[in-house]
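Below you'll find the structure, written out as structure tokens, and then a few comments.
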Amino acid sequence: MFMKESCRGRQRSTLGKKRSLLLAILLTFAGTAIAQPIVESYSIWSEAFHNAFTSLIEYKGNLYCAFREGNSHVDKTGKDFGTIRVLKSKDGGSWDSFDHIYMEGIDTRDPHFSITKDNTLMLSFEAVKYQEGKTKFRHTYASKLKRRKFGNPFQLQTDLKADWLWKIRW
């Protein structure tokens, strides 16, 4: 599964896609950057119809940005599945696709980076299955950075019943 294939046939201006990801990045840092002037802003990705829910971290001299790609914010019909895209940059100016995480038939959403106690980069996210307009199940998954990609996602055991696991602190 590759999101560019599932987005084919839908038209949206490049400017609109760039604005979506830029807005998501700005909202991510709104709480910490309120007193700081915006010096420069630019798009780092515009390949999917809907790019949102960013996480940005510096790890071992590289910047990593993760976000959800999809056709819309959410599609509870169970026909559109979001995936997680991870970009990597050495300087913050040039970004490359580093990894693409998806689970067949599952909407993966809200990625968040953390650095574990043993100094490993970990990406957590929600995996949701919708059916007939309702949530069939929702679980929190994570994936740890291996040498060149993130490893297979594994389910995290949490006691959360009604809330999303937004961030992990070690």
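Some points to look at:
- Distance from the Cα centroid of the stretch 38-64 to that of the stretch 95-152 is 16 Å (rounded to whole angstrom).
- Cα gyration tensor shape of the stretch 43-170, rounded if a/c is under 1.5, else prolate or oblate by comparing a/b with b/c: oblate
- The label point for LYS136 and the one for GLU58, both projected 7 Å from the Cα toward the Cβ, are 4.3 nm apart.
- Percent carbon-and-sulfur accessible area, the stretch 44-114, ignoring ligands, DNA and RNA, probe 1.4 Å: 51
- Residues in the stretch 59-107 average 41 Å² of solvent-accessible surface per residue, probe 1.4 Å, ligands and nucleic acids excluded.
- The stretch 30-114: proportion of alpha-carbon pairs further apart than 17 angstrom, %: 53
- Sorted peptide list for 120-128, 89-97, 138-146, 150-158, criterion being average Cβ within 10 angstrom, highest first: 120-128, 138-146, 150-158, 89-97
- Taking 7 Å steps out from each Cα toward its Cβ at SER72 and ILE115 produces label points 4.0 nm apart.
The values are calculated or read from the model by the stated rules, or taken from the named source; none is laboratory data. Quantities reported herein were computed from a predicted structural model and do not represent experimental measurements. For neighbour counting, all protein chains shown are included, and Cβ atoms are generated from backbone atoms with ideal geometry for every residue, glycine included. When the accessible area is computed, the model is the full protein with side chains, heavy atoms only, and any ligands, DNA or RNA have been set aside. Shrake-Rupley method; radii C 1.70, N 1.55, O 1.52, S 1.80 Å.
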